[in-house]
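Report on one structure; see the data block that follows.
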Amino acid sequence: MISTSCRLCASSKLRLIIDLNYHPLGDTFLPKEALNESETRYPLRVLQCEDCGHAFLQYVVPEGERYQKVDYSYTAGNSPVSVKHFGEMAAEIIADQKLGAGDLVVDIGGNDGTLLKAFKDQSGCNVLNVEPAGNIAKISQENGIETLHGFFDAKAAANIKGMGGAKAITGTNVFNHINDLPAFMKDVKDALTPDGVFVFEAPSLYELVKRLAFDTIYLEHVSFFGIKPLVKFFSTLGLHVHRIEASDYMGGSFRVYVKTTPAASTAAQDFIALEEAAGLYEAKTYEEFMTKVRKFRSDLMSQLYEIKAKGGKIVGIGAATKGNTLLNYCGIDNGLLECVTDSSPLKIGKYTPGSHLPIIPDADIPKDATHALILPWNIGNFLKDKLKHLNLEFIVPHMDGQA
Ligand SMILES: [Zn+2]
């Protein structure tokens, strides 16, 4: 499906700003038998609306293909960094909305229920997870979180309204996956109580550009948000941005609070000033960005070839989706890396899409490995610390962007 108009303002004045060539779905890890079959690759390109400045993928893989065709492999509860992050996020929203027993909090695409569990434990409120991936919805239910298996749509919104409405609706790394944003936001608004808040957390285009985080672009991320186009979009729906919290999570995200009541704070205007100063809505910014991305690739490849030429053995650490964009864009395969390690039982035993590297537990890292390429660089320090006993030399892309 090719985007021919802006997802926020419907303008057809679009320019191509980022082109990362062809990629398979980044978060679909492959079972061994799939290696005997062909693998579909799609163009990974970002367009920007010349009218409102919104950035989004040119080619969008249909939602059914993205989430329901094969088992989805990411669970937040598996990562201590995520558990801590979601615990803090719940506390912030509980304080902001004064949530307590009897209030309803809905998490859209709530994964294994990690965020909702924090809400429940900290405030005693009622929770509901709306999760489209069948295997993950089942894990959420097993974790004691009430879960509706399916996409968040008008029917789900009507269900929630029937329950009295939600005082808070959250979506972490979800809002940027949505195809039809106007329909989605209408459903969110319908499901909220009049004093309710929609809080979404998504990678910010500002941080993506600042950190050269091209690997946070993948086929599952439809939109790359700036505050300027969002404010304009929300105002057409009678919604207002009340609060913005920048975070290092996922390599540079923001958490945005949206309500139906007018905002007293200048949070949005302040953020837009930052974006404009960084040239976020100018074509030339992305010409420079792509030049730096190509240099990043040639520098990293030279470094890896040099290690191999000297007899080194390199392993990849962390089978993260962003790692797959990096591996496939650079063309790194089993000629350079032995394997990739991960702690998730849903990934171990499978292979990385495109590059086809076997995923093994940390404990099975070959004894003669000399170097480790850390793929989820946003938690690079955490992983370096966790693996320091192995005496490996670490290579961390985008060093200055670390959490
Ligand atoms: Zn637009």
In terms of the alpha carbon gyration tensor, root eigenvalues a ≥ b ≥ c, rounded if a/c is under 1.5 and otherwise prolate when a/b exceeds b/c or oblate, the stretch 234-386 is prolate
Ordering TYR257, TYR22 by the accessible surface of their heavy atoms, 1.4 Å probe, largest first, yields TYR22, TYR257
Once ASP195 and GLU287 are pulled to full extension, the length gained, defined as 0.36 nm per residue separation minus their Cα-Cα distance, is 28.8 nm
Taking 269-278, 228-237 and ranking on average Cβ neighbours within 10 Å, highest first, one gets 228-237, 269-278
The percentage of Cα-Cα pairs in the chain separated by more than 28 Å is 47
Regression test value, accessible area per residue of the stretch 14-61, probe 1.4 Å, units Å², expected 41
Probe 1.4 Å, all chains present, heavy atoms only: HIS389 accessible area in Å², nearest 10, is 130
To the nearest Å², the heavy-atom accessible area per residue of the stretch 284-401 with 1.4 Å probe amounts to 44
Ranking ALA267, PHE200, ALA137 by how far each Cα lies towards the positive end of the charge dipole of the chain (+1 on Lys and Arg Cβ, -1 on Asp and Glu Cβ), the top one is ALA267
Averaged per residue, the 1.4 Å probe accessible area of the stretch 114-188, protein heavy atoms only, in Å², is roughly 40
The percentage of the accessible area of the chain (probe 1.4 Å, all protein chains present) made up of carbon and sulfur atoms, to the nearest whole number, is 52
With every protein chain in place, the accessible area of ILE2 for a 1.4 Å probe, in Å² rounded to the nearest 10, comes to 100
DSSP beta bridges in the chain: the antiparallel percent, rounded to 5, is 50
The extension gain from SER247 to LEU35, computed as 0.36 nm times the residue separation minus the Cα-Cα distance, is 72.6 nm
Extension length gain for MET301 and ASP362 (0.36 nm per residue less Cα distance), in nm, is 19.6 nm
Of 297-308, 162-173, ordering from highest average Cβ density within 10 Å down gives 162-173, 297-308
Expressed in square angstrom to the nearest 10, the accessible area of ARG45 with a 1.4 Å probe stands at 50
Simple SL model, points at 7 angstrom along Cα→Cβ for MET1 and LEU390; separation in nm is 3.9
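The values are calculated or read from the model by the stated rules, or taken from the named source; none is laboratory data. These numbers were taken from a predicted model, which means no experiment stands behind them. In this analysis, Cβ positions are derived from the backbone assuming ideal geometry, glycine residues included, and neighbour counts consider all displayed protein chains. With ligands, DNA and RNA removed, areas are computed over all heavy atoms of the protein, side chains included. Shrake-Rupley method; radii C 1.70, N 1.55, O 1.52, S 1.80 Å.
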